[in-house]
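Peer 1: Sharing a structure below in structure tokens format, with a few things to ask.
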Amino acid sequence: MDALRKILREYWGYEEFRPLQAEAMQAALDERDSVVVLPTGGGKSLCFQVPALAMQGLAVVVSPLISLMTDQVDALLECGVPTACINSTLTVAERRRVADQVRAGELRLLYLSPERLTTPRTLEFLSEVPLAFFAIDEAHCISEWGHDFRPEYRALKVLKERFPAVAVHAYTATATPRVRDDIVRELGLADPAVLVGGFDRPNLLYRAQRRGDLRRQIRQVIERHPGESGLIYCMRRADVEELCAALVAEGLRAVPYHAGMPDAERRDNQRAFVEDRAEIVVATVAFGMGIDKPDVRYVIHAAAPKSLEAYQQECGRAGRDGLPAECWLFYSPADFQIWRKLQSNLPADAYEAALATLAGIENYCRGATCRHRALVEYFGEAWPGASCGACDACLDELDEMPDALVLAQKIVSCVVRLGEGYGGDYTAQVLIGSHDERIVSRRHDQLSTHGLLADFDKRQVRDWIEQLVAQGFLNKESEYRRLQLTATGRELLRGDGQPRLLQAAPPRTARAAKGDRRDPASWDGVDRRLFEALRQWRTTEAREREVPPYVIFGDATLRELARLRPTSYEALARVRGIGQHKLAAFGDAIIDLVVNYRRAQDVGTS
Ligand code: ADP
Ligand code: ZN
């Protein structure tokens, strides 16, 4: 462990392991197969990169996309770790050079695509070199139950057959047990160490609001992050084009991305984003895989996604560097109808599953409970119970009805009067006192609960019903979505329980600014002008080296530099994210910059 810690400090300039990193690295050192599940930004790469430096032999890393590979290789080279990849973009001569380096034992890590690794030629080649282990990145690609199934991953089974003595380690952010089991089985892992990290992303601030004036809602988010990177997801290609054009017209550097665009244009736009030439990408779900940009400060959904799995995945692209980032979801009930319609020609059982999934995201949107909690519980993890301090519900930004218990009792008793035989829409209609033909013909206009909520409109009552479902007071029976009482729902009738119901006030995004509670900490004491100067320096440096800016330094490191304003090598070396190699490569430039900046400031103030 001490050796690993020393490597972490020397090459990456980090002091501490993140949760489960030490355990995952230990499995690598022990040469025991492993499956490591960590949330996005949890630091999976270091789990194999650090041991690769501590062990004998070559670490072979499997990665599904060239962009992911080159990103990691660039980042490792900047840290001074001898690394290479072999992919289709290399010339024959370059490929030969890498092979020579491998044979000479000069490389610590080698990145390959699954299809290249599993060719007879590569397997033959690797059987002649000492190997440390195989690391399978994005291992969920092996499972049909994951969201990015790639048949090429199936061929990786050959690794255990050809190299029975070499450990295989699998890494993913997808936590469902089914996917995890698939990984173990398909790779043929032997008694693997299974390490599953927490699902929560504490640095993400979640909010869900009804869509109102969407442009205004979006603009208010962007204005909170001038010049910072953000992602906006739309449901349809046409929405992407339209919104992007509107943002550009407002003077923002936004680019579109969807599957209907020519490949070259899509690639250009992606690069512009990665290299900070564009600050905003407006995209459909086609955008994301292969984007490891760590400093995305906000993700906006301009419409509800089709599942919480998709939502989690897409929000996962925010704040990978661990700094605060925001996730805004602007939904409309119409979104869910569109999704239902789009999936209606699925086979019956798949459609059923799709509806259940859709109910999950619908509950989330309409719900009044902690968003972190809702997400974590949806994925089967227990939530400690405390307020998260990072969602609209916990930050008291939601407009709550003061008399929620009484309102909830009215709703629940109406469900009882209807014999638990009707859905949310129908129940809401009875409550507002509708004389709809269906209601009159069933004599439900005679019920004592008919018209109990006549002061409110149907949309409002409908939302409350969903909120009671989300809070577990009501349950939707699966086949016809009929409302039923749960045990806690029954307690409501006796006056026990604390339901929360939201006012359907028009969205007031501006209020949300107070939710910035967590952000100041990471900006505490940061000299913002120096930060900007450092950022500019980073952009220039990155362009010269032809790497993405974040490969040079992450935002966390820049903020710390702009906080400490170091002018000596000793002070620089203490900054998180500056290892020995980067100290040597960039130390002088940074010290110059800081010294000049301080001098200019002194002149300015004297
Ligand atoms: P993942 O692949 O799990 O999404 P990464 O491996 O890309 O996450 O790591 C996310 C970010 O966290 C990277 O910028 C990485 O350098 C940083 N990081 C990883 N481990 C540590 C650590 N122990 N201390 C500080 N930063 C870390
Ligand atoms: Zn919360």
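Values in this text are rule-based calculations from the coordinates and carry no lab data. Since we're looking at a predicted model, the values are computed, not measured. Cβ atoms come from the backbone with ideal geometry, glycine included; neighbour counts cover every protein chain shown.
Peer 1: Over segment 366-440, what is the relative contact order in percent, taking alpha-carbon pairs closer than 8 angstrom and at least six residues apart?
Peer 2: This gives 20 percent for segment 366-440.
Peer 1: Divide the volume of the convex hull of the Cα atoms of segment 255-395 by its number of residues and quote the answer in cubic angstrom per residue.
Peer 2: Measuring per residue, one finds 131 Å³ for the Cα hull of segment 255-395.
Peer 1: If you don't mind, another one. If you project the alpha carbons of segment 556-606 onto their three principal axes, what span does each projection cover, largest first, in Å?
Peer 2: Dimensions of segment 556-606 along the principal axes of its Cα atoms: 37, 19, 14 Å.
Peer 1: Jot down the per residue volume, in cubic angstrom and as a whole number, of the convex hull over the alpha-carbon atoms of segment 411-452.
Peer 2: Enclosed volume per residue, from the Cα hull, is 57 Å³.
Peer 1: With label points built 7 Å along Cα→Cβ from the Cα atoms of Arg459 and Val406, find their separation and express it in nm.
Peer 2: 2.5
Peer 1: With the contact rule set at Cα under 8 Å and sequence spacing of 6 or more, what percent relative contact order holds for the chain?
Peer 2: Answer for the chain is 14 percent.
Peer 1: How much of the calculated P(r) for segment 345-387 lies past 16 Å, in percent of all Cα pairs?
Peer 2: Everything past 16 Å amounts to 46 percent.
Peer 1: Okay, moving on. For segment 324-445, max minus min Cα coordinate along each principal axis, in Å, sorted largest first?
Peer 2: 55, 44, 26
Peer 1: For a test of the definition: using alpha carbon positions, the gyration tensor, and the 1.5 limit on a/c, classify segment 227-332 as rounded, prolate or oblate.
Peer 2: rounded
Peer 1: May I ask for the Rg/Rh ratio of segment 111-238, computed from Cα atoms with Rh as the Kirkwood radius, given to two decimals?
Peer 2: Radius of gyration relative to Kirkwood radius: 1.14.
Peer 1: Another question, then. Given an 8 Å cut-off on Cα distances and at least 6 residues of separation, report the relative contact order of segment 1-154 as a percent. Write down the numbers at each step before the final one.
Peer 2: Details: 192 pairs, mean separation 38.5, N = 154.
Relative CO of segment 1-154 lands at 25 percent.
Peer 1: While we're looking at this one, here's another question. Mind ordering 131-140, 468-477 by average Cβ neighbours within 10 Å, highest first? Numbers along the way, then the final one.
Peer 2: Values: 131-140: 24.7, 468-477: 20.5.
Sorting 131-140, 468-477 by mean packing, highest first, produces 131-140, 468-477.
Peer 1: Report the per residue volume, in Å³, of the convex hull enclosing the C-alpha atoms of segment 40-185.
Peer 2: Dividing the Cα hull volume of segment 40-185 by its residue count gives 111 Å³.
Peer 1: Relative to the longest principal Cα axis of the chain, at what angle does helix 214-223 sit, 0 to 90 degrees, rounded to 10?
Peer 2: Tilt relative to the chain: about 40 degrees.
Peer 1: Restricting everything to alpha-carbon atoms, can you work out Rg to Rh for the chain with a Kirkwood hydrodynamic radius?
Peer 2: Working: Rg = 26.9 Å, Rh = 26.6 Å.
Dividing the radius of gyration by the Kirkwood radius yields 1.01.
Peer 1: Just going by the charge dipole of the chain, with Lys and Arg at +1 and Asp and Glu at -1 on Cβ, which of Tyr597, Val526, Tyr364 is farthest out on the positive end?
Peer 2: Farthest towards the positive end: Tyr364.
Peer 1: Which cysteines does the chain leave without a neighbouring Cys Cβ under 4.7 Å?
Peer 2: Cys47, Cys79, Cys85, Cys141, Cys234, Cys244, Cys365, Cys370, Cys388, Cys391, Cys394, Cys414
Peer 1: Stokes-Einstein at 4 °C, 1.567 mPa s, Kirkwood radius from Cα pairs: D for segment 34-125 in µm² s⁻¹?
Peer 2: It comes out at roughly 93 µm²/s.
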